[in-house]
Amino acid sequence: MSTGVSPGWEAAADLVVIGGGVAGLTASRAASLRGLRVLTLSKGGPTDTSTQYAQGGIAVVAPHGDSVDSHVHDTVAAGAGLCAVDAVRSIVEGGQAAVDALTDLGAVFDLGRDGRISRTREGGHSTRRIIHAGGDATGAEIQRALNQAGLPVLFGAAAEQIITGPKGVCGVVVLSDQGIGVIHAPAVLLATGGLGQLYALSTNPPGATADGIALGLWAGATVADLEFVQFHPTVLYTPGGVGRRPLISEAVRGEGAILLDTEGNSPTEGVHSRGDLAPRDVVSRAIAVRMRALGTEHVYLDARSIDGFAQRFPTITASCLAAGIDPGTELIPVAPAAHYQCGGIVTDIHGRTGVPGLYAAGEVARTGLHGANRLASNSLLEGLVVGERAGVAAVERCDTPAEVTEIPVRGVERADRTVVQRVMTAHASVVRDGAGLAGALKQLDDVVSPHDPRGAGALSVTETADAALTLTARVLLLAALARTESRGCHTRSDHPDSRPEFRRSIPVRLNGDGVPEYAQLPTP
Ligand code: FAD
Ligand code: SIN
């Protein structure tokens, strides 16, 4: 092997799945059931995933008083003109089968008094269609069921670089406790989750460092819709808190809680016909605007009217009590925080990217389901449905010979993570403007270290994550600058209206020098 780095170990597989959350494990299982030799990697432990923390539930069409058309309609309305409607319909239609498969694996969903699966409501949904588990511990139940499905996962193993050859993907460079290794494989699935760690405050776990975006871009994939970062409206506020912050699920508002500003008024009144249960971008923006107007760092959620709050929302109750707040008798201080990346690596509804053999599913992928703003609880749905399909699609690569003969050395740039977080939080949060976005790009230019001569594939896990965050920040800022309008999660105070000519995605890829440039959407 001609190489810039020296692998200490080698392995071979038909499919390498990068990520042990809902999308990765669902894909891994689907491919294994079809006889593929699958190697699944997770840079963290079994519960170091966003999946583990999901609260509200899974959006899936209810058997009565609901329809695929209605779920599609709500999704497209929330997506503010950028959803790919065919993809939306296809994924929504796959919901019930995906939930049935999870139930077969042993996942247990909450039942109502009538013995049927209980359904709650969240922002942007026209009906109660969100199924949940353990009250507000839906993600933990899904993760438990998938973790116990008997799939072998290499924990503490971080993918550093995807290797491609003339026939597309041929392997992955991995850093594990055995050192640097190479897995020869004709198919790789990115299921690496989100980018919450781009911001100082996020609901995401520490591992949500956008690795998959960078791995995909470095391998030649195209990303789109990265400017649409969803800020969850109600994240527990504690003075001086940073890093991962506890979420107060939208289902709390679905069950009757209301938002109040620090003067006791509703921040959403007159903003949207659905008030506090408007789509998430609308509520976050209304809160951000009210906080700015009043000069406060939070608003309140009043959940005191909800009977049996602690039984219905045990996880949230524990987080509030740990912060010294009793949600049964006190107002909960909340503020928006980074929650979800609506865009990502461009794929079809089977997870195929434009790079032969490279697949993506879950939060890292952009299928067109979410458009400019994801509808609540559509993410677990997408991870389940597209994860399964991507695992099946990878069968098409089984006969492609794959051998890594060379690990190309390509320098990557990195900035200090805390600086990236500071810049992004100041200039690319709920409300942005052109001067701030351009200034943020300039600040990144000023602080990045020169291209690391060791290249991707020879960095520590933290260095790879920092490089991923730096590249993702740059691409996000570029797209946000180019989008001189407001749409969905992207609010420009200098361009407050939506513009018809921007009713399209802004794809970005790397040019031959590794510099991001605007691109066309690929046909996977
Ligand atoms: P994750 O579950 O985040 O898994 C990512 C995996 O990739 C991890 O195993 C990680 O270790 C691994 N990884 C990352 N980089 C590398 C690398 N370089 N090498 C190897 N492994 C790597 N959505 C809903 O639909 N309903 C909800 O109620 C809901 N509530 C939420 C509440 C919270 C607090 C949060 C944070 C999110 C919530 N979401 C919800 C969103 C949803 O949970 C996530 O979008 C979804 O779980 C992401 O799944 P995933 O499989 O794509 O990634
Ligand atoms: C929540 O429970 O409010 C989060 C749901 C989601 O992100 O889809």
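The values are calculated or read from the model by the stated rules, or taken from the named source; none is laboratory data. Everything numeric in this text was worked out from a predicted model, so none of it was measured. Heads up, the Cβs are rebuilt from the backbone with ideal geometry, glycines too, and the neighbour counts pull from every protein chain shown.
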**Prompt:** Restricting the search to the range 199-219, which residues are among the small types (Gly, Ala, Ser), part of a loop (DSSP other than H, G, I, E, B) and farther than 16 Å from VAL173 by Cα?
**Reply:** ALA200, GLY207, ALA208, ALA210
**Asked** In the range 38-56, what residues are touching a helix residue (DSSP H, G or I) at 6+ places or on another chain (Cβ under 9 Å), within 6 Å of ligand 1 (Cβ to nearest atom) and farther than 17 Å from PRO233 by Cβ?
**Response** LEU41, SER42, LYS43, THR49, SER50, THR51
**Item:** From ALA210, ALA257, residue being farther than 30 Å from ARG352 by Cα and out of contact with any Cys (no Cβ under 9 Å at 6 or more places or on another chain)
**Value:** ALA257
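Can you tell which of THR464, THR470 is closer than 25 Å to THR353 by Cβ, touching a Lys or Arg at 6+ places or on another chain (Cβ under 7 Å), of a type in the set (Val, Ile, Thr) and buried (at least 22 other Cβ atoms within 10 Å of the Cβ)? Even if it seems obvious, please write down each step before you answer.
On the way: THR464 fails: touching a Lys or Arg at 6+ places or on another chain (Cβ under 7 Å).
Criteria check complete, one pass: THR470.
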**Message:** Give me the residue from the range 253-287 that is more than 18 Å from ASP74 (Cα to Cα) and among the acidic types (Asp, Glu) and, out of that set, farthest from ligand 1 (Cβ to nearest atom).
**Reply:** GLU263
**Message:** So, restricting to helices (runs of 4 or more DSSP H) that lie completely within the range 7-112, which ones have at least 1 residues that are over 22 Å from the mean Cα position of the chain (by Cα) and modelled with pLDDT of 95 or more?
**Reply:** 22-33, 68-78, 95-104
**Subset of the range 488-500 (residues that are more than 19 Å from THR425 (Cα to Cα) and not in a loop (DSSP other than H, G, I, E, B))** = HIS495, PRO500
**Request:** Any chance you could count how many residues in the range 186-199 are within 26 Å of ALA78 (Cβ to Cβ) and away from ligand 1 (no atom under 12 Å from the Cβ)?
**Result:** 2
**Request:** Inspect all residues belonging to the range 228-237 and state whether any of them is out of contact with any helix residue (DSSP H, G or I) (no Cβ under 7 Å at 6 or more places or on another chain), outside any strand (DSSP E or B) and within 16 Å of ligand 2 (Cβ to nearest atom).
**Result:** yes
**Request:** Out of the residues in the range 120-148 that are without any contact (Cβ under 8 Å) to a residue 60 or more places away in the chain and in contact with a Gly (Cβ under 9 Å, 6 or more places away or on another chain), state the one that is farthest from GLY362 (Cα to Cα).
**Result:** GLN148
**Request:** For the range 392-430, name all the residues that are small (Gly, Ala, Ser) and under 20 Å from the mean Cα position of the chain (by Cα).
**Result:** ALA428, SER429
**Message:** Residue under question is GLY328, and the condition is that it be away from ligand 2 (no atom under 16 Å from the Cβ) and either farther than 21 Å from GLY20 by Cα or assigned to a helix (DSSP H, G or I) (or both); does it hold?
**Reply:** yes
**Prompt:** List, please: which pairs have Cβ atoms under 7 Å, are six or more places apart or on different chains, and start with a residue in the range 293-312 that is touching a residue at least 24 places away in the same chain (Cβ under 8 Å) and farther than 16 Å from HIS132 by Cβ and end with one that is assigned to a loop (DSSP other than H, G, I, E, B) and charged (D, E, K, R)?
**Reply:** LEU294/ASP261; LEU294/GLU263; VAL299/ASP261
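Would you check if VAL235 is within 16 Å of ligand 1 (Cβ to nearest atom) and over 27 Å from ALA479 (Cα atoms)?
Numbers: within 16 Å of ligand 1 (Cβ to nearest atom): yes; over 27 Å from ALA479 (Cα atoms): no.
No; evaluated as a whole, the condition is false for this residue.
Under the condition of being away from ligand 2 (no atom under 16 Å from the Cβ) and small (Gly, Ala, Ser), which residue from the range 333-364 is surrounded by the fewest Cβ atoms within 10 Å (Cβ to Cβ)? Spell out the reasoning first.
From the range 333-364, those away from ligand 2 (no atom under 16 Å from the Cβ) are 333, 345-361; that's our starting set.
Restricting the remaining residues to those that are small (Gly, Ala, Ser) gives 351, 354, 357, 360-361.
Working: GLY351: 29, GLY354: 21, GLY357: 26, ALA360: 34, ALA361: 35.
Checked the range 333-364; the qualifying residue surrounded by the fewest Cβ atoms within 10 Å (Cβ to Cβ) is GLY354.
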**Request:** Would you kindly identify the strands (runs of 3 or more DSSP E) lying entirely within the range 131-179 that contain at least 2 residues that are polar (S, T, N, Q) and more than 16 Å from ligand 2 (Cβ to nearest atom)?
**Result:** 158-165
**Message:** Quick check on the range 202-226: of everything there that is more than 12 Å from ligand 1 (Cβ to nearest atom) and farther than 12 Å from GLY344 by Cβ, which residue is surrounded by the most Cβ atoms within 10 Å (Cβ to Cβ)?
**Reply:** ALA219
